[in-house]
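Comments concern the structure below.
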Amino acid sequence: MRDDSTAIADYWDAAAPAFDDEPDHGLGDERTRAAWARLLDAWTPPAPVDVLDVGCGTGSLSLLLAQAGHRVTGVDLAPRMVARARGKLAAAGLPGRFLVGDATSPPTGDEVFDVVVSRHLVWTLPDPEAALREWVDLLRPGGRLVLVEGRWRESGQRGTPYVSGAELLPWNGGIGAHDLAAVIRPLVTDLRIEPLSGDSDLWGGPVTDERYALIARRRRDRAGLSRSR
């Protein structure tokens, strides 16, 4: 797939008005919202810490993280998604910074974070392995990487591409936990996988595909740190 960030941004901009209609996007149901809040609390250190939400969408996870007392920065390629995220936290009276930019290389300069979180994003990326390396580099030594991912389409199954050429994306249709762990393991330590398919509260109902969280820490001894502490 050619690097056509404009087409991708346009797609998600068009999706923004109805994006929160999905139960696990908008978190409008109290049980769904509470289920995600409970997981985020388990995956993050005690507040307050600096959290980067890459591919933040309309900011539903950012809102939960801010409500928990964390200092949240969200990044998304789609300006309308970012606008909705800003409005969501403003309506709740909570601080949060949201930036329009490529999640593969977030426009956060030399900043580093205690947690980088991403949900259902890597399947949309032209170079997901480069994105993972960048996200790990954005962590302070010992910082936590939290990836909520899944496998929604088996190899060979047909589906309508979300943008032209999306069927050529490396991880189109998602990536299984075993394969994602193999890619990320050389960069991190204390890696674990938590299956999520069985908790229907997270999704607004039962799901049959593979959904999981990968949680890991940045190695404290990783060489080449050039970012400010």
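First check a/c for region 93-155, with a ≥ b ≥ c the square roots of the eigenvalues of its C-alpha gyration tensor; if it is under 1.5, answer rounded, and if not, answer prolate when a/b is larger than b/c or oblate otherwise. Could you put the intermediate results ahead of the total?
On the way: a/c = 1.70, a/b = 1.52, b/c = 1.12.
Prolate is the answer for region 93-155, as a/c is 1.5 or above and a/b outweighs b/c.
Take every DSSP beta bridge whose two residues both sit in the chain, then give the antiparallel share in percent to the nearest 5.
Values: 15 of 34 bridges.
Rounded to the nearest five, the antiparallel share is 45 percent.
Could you tally the net charge around ALA47, taking each other residue with its Cβ under 11 Å from the Cβ of ALA47, Lys/Arg +1 and Asp/Glu -1?
Spelling it out: positives minus negatives among the neighbours equals -2.
None of the figures in this text is laboratory data; all of them are computed from the coordinates on show. On a predicted model such as this, the values are computed, not experimentally measured, just so you know. As a convention, Cβ positions derive from the backbone with ideal geometry for all residues, glycine included, and neighbour counts pool all protein chains shown.
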